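Student: Dropping the structure in here first, questions after.
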């Protein structure tokens, strides 16, 4: 899909804030209709949760205004997700959970790679937790529940879990209870897709300095993030929040396409003439002059596509419009370039975008140390510096609008693909609950 920039589809099902009300319900086992106690009921991507009582009843005392993904999770039952709206909450919600069929689960598990974590654990953590400056302080407590399937026909790796992931983000001060719905990485397109349903629990700081660190890190994670952007877009205050939005068009490098086809045809021609000669494409002796080959090599080093950015900054109301009193629609053609000039990208992300990915030190189970890219002397030798403007690029899929709520959530997240900074930043290590509010300026 892209060159060194990693496209990223990030599925998280969000909630909204404002006036709150209560949601009451009861959990029953499908079939015998017996009550289900000790189940976890929560609003995805928030800190709002409840535990069902012995009679299966539960109460979520705070339901802010907006749309939600209500998640019900209990050992021995399949996780249930229900989309709800504060505008039409039922007085009493009855939810039936389907018992897990162990035999079926065991059949599915047998198709997994038995050595999956040793093969793919580090890669999974790199993609799921991320390569942000916070990643080294994020611990996956139960990696043993994750299973992997490597599909060589589609060149994809998929990760699954029948149990919630327990994640401790010691950089931001949150413990996450994460229902992993899907994780897929395509090695051909370098596209990552994962979706899940996180419940946040705020950790208790051990000392005042740790509380200050969490506060500073949360602010750093928030400023320039997608949550920050969509909250600003909702209020039509993009510039006031430091965002510069411009229209962008991708143009294919037609000369590179021509040269690639030319070299490919000549390579095939040479191979056909000498079928047993193990010559690589870049060592074939063409009849061209050295000047021609030098030109071809220069063209092949060029990007497949180039970005043409309009200099004019777009106002928020040129890409967003009111749907009703609580939702805003967002629509645009082609691409948008989104800059946040008041900050620079962390060096580890800038290196990854340039094509110099970070090195992870230690085994996949630990993931305790993060080496920030290549050694400084190597970067200097290659003429690479870490500083890079915080720039992202986004595109709507299938020309479908997305719906934005006041807290920075958006539906359907499947309609938005991001590149650049956001493609690397929007991972578990930087994930904030929608309950988060930027501390007021003193």
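Student: Using the 10 angstrom Cβ neighbour count as an exposure proxy, how do 115, 175 rank, fewest first?
Tutor: 115, 175
Student: Between residue 152 and residue 38, what is the FRET efficiency for a Förster distance of 41 Å, r being their Cβ-Cβ separation, to the nearest 0.05?
Tutor: Result of the calculation: an efficiency of 0.50.
Student: Need one number: nm distance between label points at residue 397 and residue 323, each 7 Å from Cα along Cα→Cβ, rounded to one decimal.
Tutor: About 1.7 nm separates the two model spin labels.
Student: Given R₀ = 41 Å, what would the calculated FRET efficiency be for residue 119 paired with residue 204, taking r from the Cβ atoms and rounding to 0.05?
Tutor: For residue 119 and residue 204, the calculated efficiency is 0.65.
Student: State the extension gain, in nm to one decimal, for the chain segment bounded by residue 300 and residue 28, taking 0.36 nm per residue of separation less the distance between their alpha-carbons.
Tutor: My answer for the length gained is 91.7 nm.
Student: Order these by the 10 Å Cβ neighbour count, fewest first: 150, 228.
Tutor: Fewest-to-most Cβ neighbours within 10 Å comes out as 150, 228.
Student: Moving on to the next point. Rounded to the nearest 0.05, what FRET efficiency is calculated for residue 190 and residue 91 with R0 set to 60 Å and r the Cβ-Cβ distance?
Tutor: 0.80
Where a number appears in this text, it was derived from the coordinates with a stated rule and is not lab data. All values derive from a computational prediction rather than experimental measurement. Every residue, glycine as well, gets a Cβ built from its backbone with ideal geometry; the counts of neighbours run over all protein chains shown.
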